[in-house]
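Engineer: My questions will all concern the structure given below.
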Amino acid sequence: MGAENPALHEQVHTLYSDHHRWLLGWLRTRVSCSHQAADLAQDTFVRLLGAHQTGNPLPSIREPRGFLTTIANRVLVDWIRRRSIEQAYLDALALQPEPCAVSPEERELIIEALTAIDRLLDTLGERPRQIFLMAQVDGLSYVEIGRRLGVSVTTVRKHFIRAMASCLQQLDD
């Protein structure tokens, strides 16, 4: 949001000053903590700026609250997904036979990695994702996956390869 693009700076400033309070109230009704709502509101404007780092001004916005609601909804979904992943990780740690001592930094890195994996898996189709998880997480063979899903081993192999290629492509990007 530097001086190199005063038009974008002005648009975001106007959106922020005219609608930040409303957005904060909208988010407050969806999360139980006013501090979290404030963080999500800020994340909404950060995401807006990040999407327009190319220096281009925002398109003409006829419904600014609808526009902000769309972005805030995406931020909220990401936050909920991250919280869910974090809770699943903490639950898995609690099931360990010995207490696992993980530093806050390590914990944050693990949760970031799990969130990235979740986003990556979300880009796969339902069948490739299901086959990939059955093979990688459950440790099932192609034969067992095929039997459980009622498909041929060739189909399982094809979907697994497609899923693995997609994962590798995402990692390269």
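Engineer: Of the residues Ala135, Ala94, Ala113, Ala163, which single one is in contact with a Leu (Cβ under 7 Å, 6 or more places away or on another chain) and of a type outside the set (S, T, N, Q)?
Structural biologist: Ala163
Engineer: Going by the structure shown, is Val75 touching an Asp or Glu at 6+ places or on another chain (Cβ under 6 Å), farther than 30 Å from Leu149 by Cβ and not acidic (Asp, Glu)?
Structural biologist: It is true that Val75 is touching an Asp or Glu at 6+ places or on another chain (Cβ under 6 Å), farther than 30 Å from Leu149 by Cβ and not acidic (Asp, Glu).
Engineer: Every residue in the stretch 121-151 that is within 20 Å of the chain's Cα centre (by Cα), crowded, with 16+ Cβ neighbours inside 10 Å and either aliphatic (A, V, I, L, M) or more than 14 Å from Cys167 (Cβ to Cβ) (or both), please.
Structural biologist: Leu121, Leu124, Gln130
Each row is one residue, and each column tells you yes or no for (1) touching a His at 6+ places or on another chain (Cβ under 9 Å); (2) at negative phi.
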position	(1), (2)
Glu105	no, yes
Glu108	no, yes
Ile111	no, yes
Leu114	no, yes
Pro128	yes, yes
Ile131	yes, yes
Gly139	no, no
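Engineer: Let me ask something else. Would you mind telling me which numbered condition in (1) in the same structural domain as Leu40 (by TED's automatic domain parsing); (2) more than 17 Å from the chain's Cα centre (by Cα) Arg81 fails?
Structural biologist: The one condition Arg81 does not meet is (2).
Engineer: Here's another thing I want to ask about it. Mind checking which residues of the stretch 133-160 are more than 18 Å from Asp122 (Cα to Cα) and aromatic (Phe, Trp, Tyr)?
Structural biologist: Result: Tyr142, single match.
Engineer: Here's something else I'd like to know. Among the candidates Leu23, Leu58, single out the residue that is in a loop (DSSP other than H, G, I, E, B) and among the aliphatic types (A, V, I, L, M).
Structural biologist: Answer to the check: Leu58.
Engineer: Examine the stretch 118-130 for a residue that is touching a residue at least 24 places away in the same chain (Cβ under 8 Å) and closer than 27 Å to Glu10 by Cβ, and state whether such a residue exists.
Structural biologist: no
Engineer: Follow-up. Can you tell me which residue in the stretch 67-115 is surrounded by the most Cβ atoms within 10 Å (Cβ to Cβ), limited to those that are aliphatic (A, V, I, L, M) and outside any helix (DSSP H, G or I)?
Structural biologist: Restricting to residues being aliphatic (A, V, I, L, M) and outside any helix (DSSP H, G or I), the top hit is Val102.
Engineer: Right, here's the next one. All but one of (1) surrounded by 12 or more Cβ atoms within 10 Å (Cβ to Cβ); (2) part of a loop (DSSP other than H, G, I, E, B) hold for Asp118; which doesn't?
Structural biologist: Evaluating Asp118 over (1) surrounded by 12 or more Cβ atoms within 10 Å (Cβ to Cβ); (2) part of a loop (DSSP other than H, G, I, E, B) leaves (2) as the failure.
Engineer: Across the stretch 121-162, which residue is nearest to Asp78 (Cα to Cα) among those that are among the β-branched types (Val, Ile, Thr) and part of a helix (DSSP H, G or I)?
Structural biologist: Out of the qualifying residues, it is Ile131.
The values are calculated or read from the model by the stated rules, or taken from the named source; none is laboratory data. Keep in mind the model is a prediction, meaning the values are calculated, not measured. Cβ: placed from backbone, ideal geometry, glycine included. Neighbour counts: every protein chain shown.
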